[in-house]
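> Please see the structure below; I have some questions.
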Amino acid sequence: MGRRTDPAAATHAGRPETTTDRHWRAAARRALQYSLAFVGLLMLLDWGTDGLTLRRAGLWVVLGVAVLAVFLPPRVTAGEGWLAVRGLKGERRVRTDALVTMRQYGSIDVRLVLLDAHGQRLELAPRVLVANPLIWHLLDAGAHRSVERGTLRHGADVLEELADQIDGREARAVLTASGLL
């Protein structure tokens, strides 16, 4: 069977080859708004006290960029057999079909840590998976391939726990939408 090169090859059963966090743009826009409001307020207060100079305005802009860096969420992207997180430190990518460890830690700010057989590591918030069922599906499918191959040594229980949480939420949403719940 030959390789398809037409645009239709980019989808499989109506699903794109890669998917990104569908809420990232709104969160990034909100981070930009917070930083602009912060800079605007600082400049307005400084101007009101007749202390605004070019040097101080530059300082406020630098502080605004720092606020943006703090509030800008990492961008999560997934594809068949991989998951990537792009943040301040650059992009981190793991092979989900070659996972070795999957750990979840934290009580308030829960984090999911993935480590693959190639030594690559990434960290993400499970709420991203809850909010993006397609990213969850791609991670789940890859992690199950890791279990079948025997590479996933630690974290099968974390995978099951996440599946119960996310799939249960999706099932409840379907039942509620259909009027059965």
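The values are calculated or read from the model by the stated rules, or taken from the named source; none is laboratory data. Being a predicted model, the structure only gives us computed values, none of them experimental. Virtual Cβ from ideal backbone geometry, glycine too; neighbours counted across all protein chains shown. Heavy atoms of the whole protein, side chains included, go into the accessibility calculation; ligands, DNA and RNA do not. Shrake-Rupley method; radii C 1.70, N 1.55, O 1.52, S 1.80 Å.
> Leu129 versus (1) touching a residue at least 60 places away in the same chain (Cβ under 8 Å); (2) in a helix (DSSP H, G or I): which is the lone unmet condition?
Of (1) touching a residue at least 60 places away in the same chain (Cβ under 8 Å); (2) in a helix (DSSP H, G or I), only one is false for Leu129: (1).
> If a residue must be open to solvent by 10 Å² or more (accessible area, probe 1.4 Å) and more than 15 Å from Val128 (Cα to Cα), how many such residues does the stretch 75-98 contain?
Number of matching residues: 11.
> Read through the list (1) open to solvent by less than 30 Å² (accessible area, probe 1.4 Å); (2) at pLDDT 95 or above; (3) in a helix (DSSP H, G or I), then give the number of the only condition that Ala57 fails.
Condition not satisfied by Ala57: (2).
> Next question, about the same structure. Taking Ile108 as the residue in question, decide whether it is at negative phi, among the β-branched types (Val, Ile, Thr), outside any strand (DSSP E or B) and open to solvent by 20 Å² or more (accessible area, probe 1.4 Å).
yes
> Now for a separate question. Only one of (1) among the aliphatic types (A, V, I, L, M); (2) modelled with pLDDT of 90 or more; (3) over 16 Å from Leu162 (Cβ atoms) fails for Ile108. Which number is that?
With respect to (1) among the aliphatic types (A, V, I, L, M); (2) modelled with pLDDT of 90 or more; (3) over 16 Å from Leu162 (Cβ atoms), Ile108 is out only on (2).
> Something else: Failed condition for Ala69, given (1) farther than 30 Å from Tyr34 by Cβ; (2) loosely packed, with under 13 Cβ neighbours inside 10 Å; (3) among the small types (Gly, Ala, Ser), with all others met?
Condition (1) is where Ala69 drops out.
> Quick check on Arg4: is it open to solvent by 40 Å² or more (accessible area, probe 1.4 Å), assigned to a helix (DSSP H, G or I), charged (D, E, K, R) and modelled with pLDDT under 95?
no
> Follow-up question, since we're still on this one. Out of Leu139, Leu129, Leu159, Leu152, report the one residue that is closer than 15 Å to Arg93 by Cβ and surrounded by 17 or more Cβ atoms within 10 Å (Cβ to Cβ).
Answer to the selection: Leu139.
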